[in-house]
Amino acid sequence: MTAAPYGRGRDGRRPWTAHGQMAAPQRTALRIGMIGLGVISRFYLAALERSPEAELVAVCDRDPAALAGLPAHLERHTDHRRLLREAEVDAVVVNVPNDAHFPVCRDALAAGRAVCVEKPLATRVADARALDRYARERGLPLFTSFHRRYNDPVRALLGRLPEGVPVDTLTVRYKETIEEHAGRDRWYLDPARCGGGCLADNGPNALDLVRLFLGGDVSVDRVALDRDRLGVDRAARMLLRAPATGARARVELDWSYPGERKTVEVRLADGRADAADMLAGHTEFKGSLWHEYAGVLRDFARVVRAHGTSGTRSGPGSRPGPASPVGSGPGPAPDGLAVAELVAACYTLADGAPEREETHA
């Protein structure tokens, strides 16, 4: 069964008033299907429970045990394709292991659903480009969840940067013990399923922040990876630059760090410096994610609402330029693909061999 477009009747058309005039579009809650109930799902579920803009109506996980304990009114599925066929949803949140992002997102787009996918968009840049193309062909939102752009200290730092004074250098540190984060989701430690390691999984959030602060167009200059015996990159160091301004960025990733450190440091062209600690005020491990994923859902709902009504770009950005902390209207939000291309460029520079271009079947 196919859901009606957002804010419209079951026949897909906007309702008429008693006087024969077309009624204003309804601002009803976006009906969401959640595909994948891994360790990050609790943050999405909490955000959905509190959201006035979105309502969870269906859930899916291949493991029936993961579906136990959820509210009784939710539809439950163990096959995402059945959810897409049977559930009356406007959009889906895709929170499956990284290597499954491409097929699940492809199926959701083919079923006419807007998609919010946990970063990365895909583990292979060819697959990311294919998803971007599918979304554009179908005029559907394809929104990648870069949750750190909604972090309160990050947004406060963006707001403090003076207009007209360019960034000279930026340092993003993103460090944790991956085993503490992964929990039962051991696929993080399988390079084939994760897409590599810390660069594939934490890199998208860090690189998205680089684009956010430097204005979007950045290139990779140098990359160093430290891999374990299984081929997982446990640490990464990248140097990037913004060709238009000459601003430079350093990114440090670490999956073997004792504890957790997530910071952004900015030095301006006039010598002033400022910083943001993403964990400030949060003593619970991953505690900042509660408010960050609430921001993800708010922005995604805006994107889908814009697509379902005027089709214009939605929401104000924190800074001008292509990397504002919002998505776009009809078609994909471009930052997911741009970051996937940066990740691929980093691996190519580190390993000396570009990724093969064909997509997965």
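Values in this text are rule-based calculations from the coordinates and carry no lab data. The structure presented is a predicted model; accordingly, all values stated were derived computationally and were not measured. Cβ coordinates were reconstructed from backbone atoms using ideal geometry, including for glycine residues, and neighbour counts include every protein chain displayed.
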Going fewest to most other Cβ atoms within 10 Å around each Cβ, CYS194, CYS105 line up as CYS194, CYS105
What is the sum of charges, Lys and Arg at +1 and Asp and Glu at -1, for the other residues whose Cβ falls under 14 Å from the Cβ of ALA66? 0
Rounded, prolate or oblate, given the Cα gyration tensor of the range 82-178, with a/c below 1.5 counting as rounded? prolate
For the charge dipole of the range 86-154, defined by +1 on Lys and Arg C-beta atoms and -1 on Asp and Glu C-beta atoms about the Cα centroid, which residue among CYS116, ALA126, ASN151 has the Cα displaced farthest towards the positive pole? ALA126
Net charge of Cβ neighbours under 13 Å - reference ARG298; Lys, Arg +1; Asp, Glu -1: +2
How charged is the neighbourhood of TYR174? Take every other residue with its Cβ under 14 Å from the Cβ of TYR174, and add Lys/Arg as +1 and Asp/Glu as -1. +1
Listing LEU189, LEU158, LEU199 from the residue with the fewest other Cβ atoms within 10 Å to the one with the most, what is the order? LEU189, LEU158, LEU199
Using the Cα centre of the range 149-285 as the reference point, and only Cβ charges (+1 on K/R, -1 on D/E), how large is the resulting charge dipole? Debye, rounded to the nearest 20. 280 debye
Which order do HIS291, HIS77 fall in if you start with the one that has the fewest other Cβ atoms within 10 Å? HIS291, HIS77
Among the aspartates and glutamates, which fall within straight-line cross-link reach of LYS175, defined as a Cα-Cα distance under 17 Å, with same-chain neighbours fewer than 8 residues apart omitted? ASP201, ASP208, ASP226, ASP228, ASP233, GLU252, ASP254, GLU260, GLU265, ASP277, GLU284
Sort 262-268, 341-347 by packing, meaning the average of other beta carbons within 10 Å per residue, with the highest value first. 341-347, 262-268
Tell me which of PRO191, GLY259, LEU279 sits at the most positive position along the dipole axis of the range 149-285, charges placed on C-beta atoms (Lys, Arg +1; Asp, Glu -1). PRO191
